[in-house]
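All remarks here apply to the structure that follows.
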Amino acid sequence: MERKTPSLLIIAALISLITPTCLGEDTVDDVLKQQGPYTLSLELEFTRKNQNPLQRAISFLDWGTNGYATGFVVGEGLAMTAYHVVSGELSDSKKAALGFSHKDKLDVKVFVNGCQATVLDVDKQADLALLSICRSPRNKTPAFQPLPDKDEKLVLIARPHGDKMVSRGTFYGPYEFGGQQYWSAIIEARDGYSGSPVYNHKAEVVGVFSGYDWSRKLALISPAAKAQKLLEDYSSKVKP
């Protein structure tokens, strides 16, 4: 996934970054064993908003899945990803690659294992979205780490196209963007990593992968505290 920003190009799809000193294999294996099954492949279907009858007929015959991202289970029937994944907001280059005009406004449908997900709540400023999914293997919320330590080792688990991918990295520090505080990390990122969970060595959620700062070679991560708040705020609304 890719998105435009007012002052800086942030891309949630990069290849071949420098990988820092990493967690030991045993630690990574432990994190994968605990959290790997809860990482989700999100299939995205982008279509034009307000289509005329001919466009609707063409899209019905053609489009299908034309994008991928990642999410992760945060409770029974609940998943989290990046807001820009579900927003339909793409850069002009991404629109062109999918056959759209730069003027087109887009809708997006999200599917998990062939079942359409529903957006329940979002935090646009923090680039987070909470989804309702048909089935999930987890019935309790994950543990969150509100404040990582400088140079703390991290593990990102992604599942673009259904393929499990793992990146190891290092926490760098706070990052101010658009009046909001994000975390930054030196960590490898690839296309389809948007919305991926980032964990510490205890398999606690440090945050959600949001994008990348080309100029500083830093990954941007929406902090775990904001993800936890979005989940708790929604849960408080639906409690009987």
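The values are calculated or read from the model by the stated rules, or taken from the named source; none is laboratory data. Because the structure is a prediction, the values reported are computed rather than measured. Methodologically, a virtual Cβ is constructed for each residue, glycine included, from the backbone with ideal geometry; neighbour enumeration extends over all protein chains shown.
Could we say that Ala82 is out of contact with any helix residue (DSSP H, G or I) (no Cβ under 7 Å at 6 or more places or on another chain), among the small types (Gly, Ala, Ser) and at pLDDT 95 or above here?
Values: out of contact with any helix residue (DSSP H, G or I) (no Cβ under 7 Å at 6 or more places or on another chain): yes; among the small types (Gly, Ala, Ser): yes; at pLDDT 95 or above: yes.
Yes, satisfied.
Working only within segment 79-117, note down all residues that are outside any strand (DSSP E or B) and hydroxyl-bearing (Ser, Thr, Tyr). Before the answer, list the steps.
Keep residues of segment 79-117 that are outside any strand (DSSP E or B), which gives 82-105, 113-114, 117.
Passing the criteria: Tyr83, Ser87, Ser91, Ser93, Ser101.
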Hey, can you tell me all the residues within segment 92-113 that are touching a strand residue (DSSP E or B) at 6+ places or on another chain (Cβ under 9 Å), closer than 22 Å to Thr70 by Cα and free of Cβ contacts under 8 Å to residues at least 12 places away in the same chain?
-> Lys95
So which of Gly207, Gly179, Gly195 is within 21 Å of Glu232 (Cβ to Cβ), without any contact (Cβ under 8 Å) to a residue 60 or more places away in the chain and not polar (S, T, N, Q)?
-> Gly207
Quick check: is even one residue across segment 161-181 of a type in the set (Gly, Ala, Ser) and touching a Phe, Trp or Tyr at 6+ places or on another chain (Cβ under 6 Å)?
-> no
Name the residues in segment 63-78 that are more than 21 Å from Lys140 (Cβ to Cβ), part of a strand (DSSP E or B) and not aromatic (Phe, Trp, Tyr), would you?
-> Gly67, Ala69
Scan segment 4-49 for residues that are touching a Gly at 6+ places or on another chain (Cβ under 7 Å), modelled with pLDDT of 85 or more and closer than 30 Å to Lys103 by Cα and jot them down.
-> Ser41, Leu42, Leu44, Glu45, Phe46
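Quick grid of which residues meet (1) under 13 Å from Met80 (Cβ atoms); (2) outside the structural domain of Gly77 (by the TED database); (3) buried (at least 17 other Cβ atoms within 10 Å of the Cβ):
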| site | (1), (2), (3) |
| --- | --- |
| Asp123 | yes, no, yes |
| Gly179 | no, yes, no |
| Val198 | yes, yes, yes |
| Gly207 | yes, yes, yes |
Condition broken by Gly211, with the remaining ones in (1) modelled with pLDDT of 95 or more; (2) crowded, with 21+ Cβ neighbours inside 10 Å satisfied = (1)
Of all residues making up segment 170-223, the number that are in a strand (DSSP E or B) and of a type in the set (D, E, K, R) = 2
